[in-house]
Amino acid sequence: MIKCIVNACPFAPGAVKPASMAVPRTSGLAVWKRLVNRKSTFLVLSFVSLMLLYGYSYPSRHYPGTPFMYEESYFLKMSLYTYVSGMLGFYIKKYKRRN
Amino acid sequence: MTFKVGYLTPREAGIWDLRRRDRSQSDIGRELGVSRQAIHKAYHIIDGKVEQAFMEAADTNNLVVKTINLVDGVMEAHSPAHDIPVLVSLSNKNGLKVWYLYEGNCRTCNLEQSCRSVLEAEAEERGIELNTLHQLKPPTQLAIEILGRYQDD
């Protein structure tokens, strides 16, 4: 019926469109909102919690000559693994919900 | 319960959304912990409210109604004032939106980004995947790409 039309607009022909409000994209609030999201919060929290875990358990678990898991970047790696596994879980859940 | 969202309560809006995703009455009932009969009754109430919202949208915008798809929330109409076809969409995220089917011209419009956000939300709610090609299209074309699929041939 009207398949030949390939465009659609929320404003009627000839309607005066309201002027857009200029919001600077680099404003402090905008940058903050872009940085603080669920993923970044999760990354920071996992990093902090694993760092604390490492710090508190180091003396009781570390024996001379047996490095165990406490390598240089143990907590950094673990926090990244936690983040990645968390995100994987999140996306799998999202995919399942969609299908 | 406003005209904007078809007078649907949050629960009715949830049921309507699930039905639009081709979920059966039994499935919806199981998910919400109610009987299939309760969902069946809710369908009647939802249909009545959605139809009322579309009719009022048509009345407000002086449109002549052609078809109403109560499940997908799309109404086909005609605007005698502008002599062009019109689509009216209803979604939980955007509420009622009127789309006039003509060239539009996004290049000279300040609201391109706003229209794009509305359409992306519309596509997401309707389970329509938008690829990179879609994202490059101006909103006027994207609108017909998303809503055109509900038009009758």
Probe radius 1.4 Å, ligands and nucleic acids ignored: give me the carbon and sulfur share of the accessible area of chain B as a rounded percent. 50 percent
Taking just the alpha carbons, could you work out the radius of gyration and Dmax for the range B:23-96, both in angstroms? 15.1, 48
Write down the accessible area per residue of the range B:59-153 in Å², having rolled a 1.4 Å probe over the full set of protein chains. 48 Å²
Among residues other than B:Val64 whose Cβ falls under 12 Å from its Cβ, what is the net charge (Lys/Arg +1, Asp/Glu -1)? -2
Run through the range B:107-153 and list the GluC sites (Glu not before Pro) located in a DSSP loop whose Cβ has at most 13 other Cβ atoms within 10 Å. B:Glu129
List the lysines whose alpha-carbon lies under 22 Å from that of B:Lys66, not counting same-chain residues fewer than 8 positions away? A:Lys3, B:Lys4, B:Lys49, B:Lys97
Mind checking B:97-103 for the average number of partner chain beta-carbons within 10 Å of each residue's beta-carbon? 6
Max mean-square fluctuation residue, GNM over chain B, Cα-Cα springs under 10 Å, options B:Thr132, B:Thr60, B:Thr140: B:Thr132
Radius 11 Å from Cβ of B:Pro138, net charge of other residues (Lys, Arg +1; Asp, Glu -1): 0
How high is the FRET efficiency between B:Ile45 and A:Leu52 when r is their beta carbon distance and R₀ equals 41 Å, given to the nearest 0.05? 0.20
Tensor-based shape of the range B:75-124 (alpha-carbon gyration tensor, a/c under 1.5 rounded, otherwise prolate or oblate): oblate
B:His44, B:His134, B:His82, reordered so the largest accessible area comes first (probe 1.4 Å): B:His44, B:His82, B:His134
A:Ile92 versus A:Val44: modelled label distance in nm, points set 7 Å from Cα along the beta carbon direction: 2.8 nm
For A:Thr41, B:Thr9, write out the residues from largest to smallest accessible area, computed with a 1.4 angstrom probe and no ligands counted. A:Thr41, B:Thr9
Would you kindly calculate the mean projected area, averaged across all directions, of the convex hull enclosing the Cα atoms of chain B, in square nanometres? 9.7 nm²
Can you list the lysines whose alpha carbon is less than 18 Å from that of A:Lys39, not counting same-chain residues fewer than 8 positions off? A:Lys77, A:Lys93, A:Lys94
What aspartates and glutamates sit close enough to B:Lys41 to cross-link, taking a C-alpha to C-alpha distance under 17 Å and skipping anything fewer than 8 places away on the same chain? B:Glu12, B:Asp17, B:Asp27, B:Glu31, B:Glu51
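The values are calculated or read from the model by the stated rules, or taken from the named source; none is laboratory data. Worth saying up front: this structure is predicted, and the values here are computed from it rather than measured. Don't worry about glycine lacking a Cβ; one is built from the backbone with ideal geometry, like all the others, and counts go over all protein chains shown. Side chains are part of the model used for accessible areas, which takes the heavy atoms of the whole protein and leaves out ligands, DNA and RNA. Shrake-Rupley method; radii C 1.70, N 1.55, O 1.52, S 1.80 Å.
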